[in-house]
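A short worksheet on the structure shown next.
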Amino acid sequence: DQQVKQNSPSLSVQEGRISILNCDYTNSMFDYFLWYKKYPAEGPTFLISISSIKDKNEDGRFTVFLNKSAKHLSLHIVPSQPGDSAVYFCAASKGGSEKLVFGKGMKLTVNP
Amino acid sequence: DAGVTQSPTHLIKTRGQQVTLRCSPKSGHDTVSWYQQALGQGPQFIFQYYEEEERQRGNFPDRFSGHQFPNYSSELNVNALLLGDSALYLCASSRAYSLLAGGPSKEQYFGPGTRLTVT
């Protein structure tokens, strides 16, 4: 039972354009959401997070949007850079639990 | 500021053997979580240690056990290895209390992982 879903396995964009990565979740008890980036042969790197009391959080080129009614979140990267090419994981946690539930990941390729 | 470190980097074991993986948390962190990442999947939570006790556990059999030491470092032990245990094992650290969060820090910081191959 996949509680966090990243339905698109890959995305390819041109440098300078916007990258939009989507994530859906099924468990309404989730109240904190995170995005991680992973390069080959490295562990996931924390990127940005959002609490369920917000609908938007920005950090430089990265913005995460949360739509609680649709149980959907998205990560926007503007402008996209070749160094952003990596696998991106969406993760969620609920209540006081620190256990993270991850999606399967999505490979982003930014072409120069 | 040292990040999360894990050892060894790679490991090859035979079915039925036992393995121990090690993790040192990021400086200032006191909580360690372990995840298993199979090929093409996202990381799956195994368990979490805080104050040398297992605090939470995911859906993994008792063959998976762990330990946390007074210096917050941790070990993951897997007994009676199966072919299906082949995966990347990730350690993540966090703080039980963050002043900014007013509670547990939600962000976990991952190490590079240990690639375990069971033949």
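Okay, here's what the table says:
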| read-out | value |
| --- | --- |
| Calculated FRET efficiency for the pair B:ALA2/B:HIS67, C-beta based, R₀ 22 Å, to 0.05 | 0.60 |
| Loss of accessible area when A meets B, both sides summed, Å² nearest 100, probe 1.4 Å | 1700 Å² |
| Of A:GLY60, A:GLY16, A:GLY95, the one that fluctuates the most in a GNM where chain A has Cα springs shorter than 10 Å | A:GLY60 |
| Segment A:8-89 - percent of accessible surface contributed by carbon and sulfur, probe 1.4 Å | 51 percent |
| Per residue accessible area of the protein assembly as shown, 1.4 Å probe, in Å² | 48 Å² |
| Exposure rule at most 16 other beta-carbon atoms within 10 Å, DSSP loop GluC sites (Glu not before Pro): chain B longest free segment | B:53-119 |
| Value of relative contact order over chain A, rounded to a whole percent, pairs C-alpha under 8 Å and six or more apart | 37 percent |
| Total charge dipole magnitude, segment B:1-102, about the Cα centre, Cβ charges on Lys, Arg, Asp, Glu only, Debye to nearest 20 | 300 debye |
| Lysines with Cα under 21 Å of A:LYS38, excluding same-chain neighbours fewer than 8 positions away | A:LYS5, A:LYS99, A:LYS104, A:LYS107, B:LYS26, B:LYS106 |
| DSSP bridge pairs, chain A: antiparallel proportion in percent, nearest 5 | 90 percent |
| Under the Debye formula (equal points on every Cα, no solvent term), log10 I(q)/I(0) of chain B at q = 0.18, 0.21 Å⁻¹ | -0.87, -1.16 |
| FRET efficiency estimate (nearest 0.05) - Cβ-Cβ, A:LYS68 to B:LEU39, R0 30 angstrom | 0.40 |
| Check: segment A:1-106 dipole with +1 on Lys, Arg Cβ and -1 on Asp, Glu Cβ, in debye | 160 debye |
| Dipole of chain B, positive end: most advanced residue of B:CYS23, B:PRO70, B:GLN44 [Cβ charges, Cα centre] | B:GLN44 |
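The values are calculated or read from the model by the stated rules, or taken from the named source; none is laboratory data. Small disclaimer: the values here were computed from a predicted structure and weren't measured. Using ideal geometry, Cβ is built from the backbone for each residue, glycine included, and neighbour counts are taken over all protein chains shown. Areas reflect the complete protein model, heavy atoms only, side chains present, ligands, DNA and RNA absent. Shrake-Rupley method; radii C 1.70, N 1.55, O 1.52, S 1.80 Å.
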